[in-house]
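Here's the structure, in structure tokens; my notes come after.
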Amino acid sequence: MRIAACIKRVPITGGRILLTDDARAINTQHLGFTISPHEECGVEEAVRLIEANKGDSVVLTLGPSEAVEQLRDAMALGIDRAIHLQTDGQEWDAEATAGALLEAIRADESANGPFDIIFFGNESADSGGFQVGIRVAYGLGRPCVTGLKKVTLEGSQVRCEQQVEGGRDVYVVPLPAVLTVKEGLNLPRYPSVPGKMRARSKPVAVVTPSRPAPRLELVKLAVPAGQGRRAESLGSGAAAAQAVVEMLQKAGVL
Amino acid sequence: MSVLVLMEDGGPSRQTLTLARKFGEPRSVRIDAILPFAPDALATALAQAADELDASAVFAAGTERGNEVMARLAARMDLPFAANCIAAAPGDPVEVTRLRWGGSLLEEARLHSPRPLITVAPHTVAADDGSVPPEVDLHHPHDRDLTVRVSDHVEPSSAGVSLAAAKVIVSGGRGVGSKEGFAIIEELAALLGAAVGCSRAVTSAGWRPHTDQVGQTGTKVAPEVYIACGISGATQHMAGLKGAKRIVAINSDPQAPLMLNADYTVTGDLKEIVPAISAEIRKRR
Ligand SMILES: Cc1cc2nc3c(=O)[nH]c(=O)nc-3n(C[C@H](O)[C@H](O)[C@H](O)COP(=O)(O)OP(=O)(O)OC[C@H]3O[C@@H](n4cnc5c(N)ncnc54)[C@H](O)[C@@H]3O)c2cc1C
């Protein structure tokens, strides 16, 4: 079995988002980075499927040279190897990202055979385009099911549960398939120390696609105005309980 | 000039019409036009309808389904797609403002496209009170577009108050300290008839199921009162709280972002404060 997981490196923004002077990016000078949560679940699912069925697992990302950290993180969880579509740090729009990933996936498949499942996050945490996995699936001519909270192999098919209002909708599609997933699909493991050690020597293939002119072109970013909440103190410690209860009564919930 | 709108029941589609009308006279396709839901078939039907109408643009609400169908349409038509917009001005290029980071950041962007494909972020635009646009006739779906379709439905497993619909939520963060620590959170929630929520630090640690997580990659909530206990207030957590009417923060750190972005604050150890609130409620009964 062959499984791929596509991930994105995103900053851990903390309590407040600061922008660069030209307002075209988040100021990440003092920030750490991570794999965004939806995709981390895609990685975990890929690792579990290969543990259960044997085979080859690959993690792909399009991002700056530093994104190799997130590739190593994925390999520390158990992915076998990585393909890094390296950029110069400029933003790529979702359409261009999908185009480059499609090409890289095709190249790997022509050498090693088709992936049974390619995992994506339902949407990236930062730019939230809701489309990369769907575009890649269309390019490959494969079924794509989105927003998944549960994935179960059933022979040559995969049963997928998608969260909707009032429960979950079920889809059953043939493999090979592209699945976009959400956090809650599984509980990703913490990387083990030996896992991290092994990840250091796992192969990372680097390709450098050229960036087409974006058709969804970022002009500038802005932090939305706060909601103007007043932060009225009700006191401190257990002594504040009375004031809290009075506030709840006034709010009509008690 | 016509503009094609994918319509669902409810507010977000009415809000979508407000922006769509700037691009032409709306005609509609209902999201339940093909049942059971089959997103590829809908996308193909929209593509055909857009061509036949020579639609200037295609709009949908930025719901899960709206975004999904629009992305499939974009792939078929080989066009860019701007998801979760809160403003859009016709022109070449089209100027849009869209949500990033689940609404924690706004992006101004130019959409270079002969046929703009746009979804409108729910609850960011006033609803349109004009008439419901006429529906267009759809072609019969092709079998190859029915591979992906809903074949079954599973009812929600968790009993109790659902997070999305809860009037009151008592939510715990890393400050609660452990899985067992949630006993005091659950106790207060039970007294208030509230749902229990939590931060991602808590779900990642395995203390609570992901269905309890509030935030960008959890549930967006809209209670009358949200009581946040030992939660710092990271932007991704706050992204789930935009609809909360009143936020109460209980935190030992008065400078925690949530303490600065709440309506009411209590400073101190939640392990003392939360049981004291429960005791005070009992006393008054
Ligand atoms: C892409 C992305 C998406 C994310 N999505 C989400 C999401 O959907 N939801 C979410 O919640 N997070 C999300 N996160 C994670 C988020 O960035 C934070 O890491 C997380 O919200 C922190 O959880 P916390 O506030 O419980 O923990 P911390 O940030 O560690 O805060 C703990 C707080 O508890 C207080 N405290 C400690 N002990 C006590 C005590 N005894 N009494 C009172 N107060 C105490 C501390 O002062 C502190 O403020 C996401 C992150 C990323 C990168």
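The values are calculated or read from the model by the stated rules, or taken from the named source; none is laboratory data. Just so we're clear, the structure is a prediction, and the values are computed from it rather than from any experiment. No Cβ is skipped: glycine too gets one built from the backbone with ideal geometry, and neighbour counts run over all protein chains shown.
Values for this structure:
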item: The stretch B:255-283 - residue that is in a loop (DSSP other than H, G, I, E, B) and more than 7 Å from chain A (Cβ to nearest Cβ) and, of those, farthest from the ligand (Cβ to nearest atom); result: B:Q255
item: B:P39, sole failed condition from (1) within 18 Å of B:A75 (Cα to Cα); (2) touching a Leu at 6+ places or on another chain (Cβ under 9 Å); result: (2)
item: Positions within the stretch B:234-254 being within 22 Å of B:T124 (Cβ to Cβ) and assigned to a loop (DSSP other than H, G, I, E, B), in sequence order; result: B:A234, B:A239, B:G240, B:L241, B:K242, B:G243, B:A244, B:K245
item: Inter-residue pairs, beta-carbon under 7 Å, first of a type in the set (G, A, S) and in the stretch A:125-136, second part of a helix (DSSP H, G or I) and more than 15 Å from the ligand (Cβ to nearest atom), 6+ apart; result: A:S127/A:A94; A:G129/A:A94
item: Every residue from the stretch A:14-58 that is away from the ligand (no atom under 15 Å from the Cβ) and closer than 17 Å to A:Y190 by Cβ; result: A:E44, A:E45, A:A46, A:V47, A:R48, A:E51
item: Boolean, B:Q15 is outside any loop (DSSP other than H, G, I, E, B) and closer than 26 Å to A:A96 by Cα; result: no
item: The stretch B:239-254: number of residues that are more than 21 Å from B:I273 (Cβ to Cβ) and within 13 Å of the ligand (Cβ to nearest atom); result: 3
item: Which listed residue is under 29 Å from the mean Cα position of the chain (by Cα) and among the acidic types (D, E), from B:D269, B:D263; result: B:D263
item: Pairs with Cβ under 7 Å, 6+ apart, first in the stretch B:202-220 and facing another protein chain (nearest Cβ under 8 Å), second more than 8 Å from the ligand (Cβ to nearest atom) and of a type in the set (A, V, I, L, M, F, W, C); result: B:G206/A:L187
item: Top-ranked residue of the stretch B:93-128 - restricted to ones that are among the charged types (D, E, K, R) and touching a helix residue (DSSP H, G or I) at 6+ places or on another chain (Cβ under 8 Å), ranked as modelled with the highest pLDDT; result: B:R115
item: Residue in the stretch B:44-57 that is under 18 Å from A:L216 (Cβ atoms) and surrounded by fewer than 23 Cβ atoms within 10 Å (Cβ to Cβ) present; result: yes
item: Selected residue (only one of A:G129, A:G99, A:G139, A:G147 is under 28 Å from B:L117 (Cβ atoms) and either assigned to a loop (DSSP other than H, G, I, E, B) or among the polar types (S, T, N, Q) (or both)); result: A:G129
item: Residues of the stretch B:260-280 that turn out to be within 19 Å of B:V176 (Cβ to Cβ), touching a residue at least 12 places away in the same chain (Cβ under 8 Å) and surrounded by fewer than 23 Cβ atoms within 10 Å (Cβ to Cβ), as a count; result: 6
item: Strands (runs of 3 or more DSSP E) wholly inside the stretch A:10-88 containing at least 1 residues that are under 30 Å from B:M259 (Cβ atoms); result: A:33-35
item: Filter result (surrounded by fewer than 18 Cβ atoms within 10 Å (Cβ to Cβ) and of a type in the set (D, E, K, R)) within the stretch A:59-79; result: A:E66, A:E69
item: 1 or more residues modelled with pLDDT of 95 or more and surrounded by 22 or more Cβ atoms within 10 Å (Cβ to Cβ): qualifying strands (runs of 3 or more DSSP E) within the stretch B:131-225; result: B:168-172, B:195-198
item: Among the candidates A:G184, A:G147, A:G195, A:G139, residue that is more than 27 Å from B:Q216 (Cβ to Cβ), surrounded by 15 or more Cβ atoms within 10 Å (Cβ to Cβ) and facing chain B (nearest Cβ under 9 Å); result: A:G139
item: Selection within the stretch B:172-228 - polar (S, T, N, Q) and more than 9 Å from the ligand (Cβ to nearest atom); result: B:S178, B:T211
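Conditions (1) within 7 Å of chain B (Cβ to nearest Cβ); (2) under 31 Å from the mean Cα position of the chain (by Cα), marked per residue:
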position: A:V204; (1), (2): no, yes
position: A:S210; (1), (2): no, yes
position: A:L218; (1), (2): yes, yes
position: A:G237; (1), (2): yes, no
position: A:A240; (1), (2): yes, no
position: A:V245; (1), (2): yes, no
